[in-house]
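Here's the structure, in structure tokens; my notes come after.
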Amino acid sequence: MATRYRFGLEEYERLFRGVRGVELLGGEVYRMSPIGPKHAWSVARLTRLFTEALGDRAVVWPQNPIRIPPHSEPQPDLALLRPKSYGEGLPTPEDVLLLVEVAETSLEHDQGLKLSLYAQAGIPEVWILDLKENRLHVYRTPKAGVYTEHRILLPGEEAEPLAFPGVRIPWS
């Protein structure tokens with residue numbers, strides 16, 4: 001019989017630091033989906049759009065880990081963080097203004113386990129870009145471990161981050 005093992009953050013970082021393509025979610029290590037060209041281009045484009053639109057009002061954090069104690073260290077495709085230096089420690093939920101997941105083959109995983117984890121951590125807003133259906137899912141207002149607001153934006157509609165009213169991002 002196989003034994004499941006739950007990792008804490010320190011143990012995960014000691015064993016998996018520098019290993020690409022894995023993330024810790026709820027104490028379990030998950031292999032991340034490979035990044036294809038459409039996914040990579042979407043992340044690069046969103047990174048540029050956010051950087052140009054926000055300047056130094058936020059740290060644009062592409063494909064880097066976020067520390068969610070005690071048992072999670074996801075690597076969202078993009079995060080907007082409060083402006084400060086993160087050279088001495090990874091950002092935590094209190095630092096996160098917006099997380100973006102780009103889903104080409106991972107929509108079910110992103111809308112299930114990861115979205116639940118983000119809501120439980122109190123991350124105020126999550127966008128999930130569904131590349132197959134060309135839709136942007138906007139989740140806001142976490143309460144009791146779920147997001148109470150969910151909007152779907154269609155091509156041609158611009159997204160406006162909750163933390164930056166008036167900043168409009170052409171996502172499609």
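For a protection proxy built on the mean count of beta-carbon atoms within 10 angstrom, sort 24-32, 51-59 highest first, please.
Working: 24-32: 16.1, 51-59: 14.4.
In descending order of packing, they fall as 24-32, 51-59.
Please report the projected area of the chain's Cα convex hull averaged over all directions, in nm².
10.6
What are the ³J(HN,Hα) values, in whole Hz, obtained from phi via the Karplus relation 6.51 cos²θ - 1.76 cosθ + 1.60 with θ = phi - 60°, for each residue of the stretch 127-138 in sequence order, with x given for Gly and Pro?
Calculated HN-Hα couplings, in order: 10, 10, 8, 8, 6, 5, 9, 6, 9, 10, 8, 10 Hz.
Any read-out appearing in this document is the output of simple, stated calculations on the displayed coordinates, not a laboratory observation. Note that the structure is a prediction, hence the values are computed from the model and not measured. Methodologically, a virtual Cβ is constructed for each residue, glycine included, from the backbone with ideal geometry; neighbour enumeration extends over all protein chains shown.
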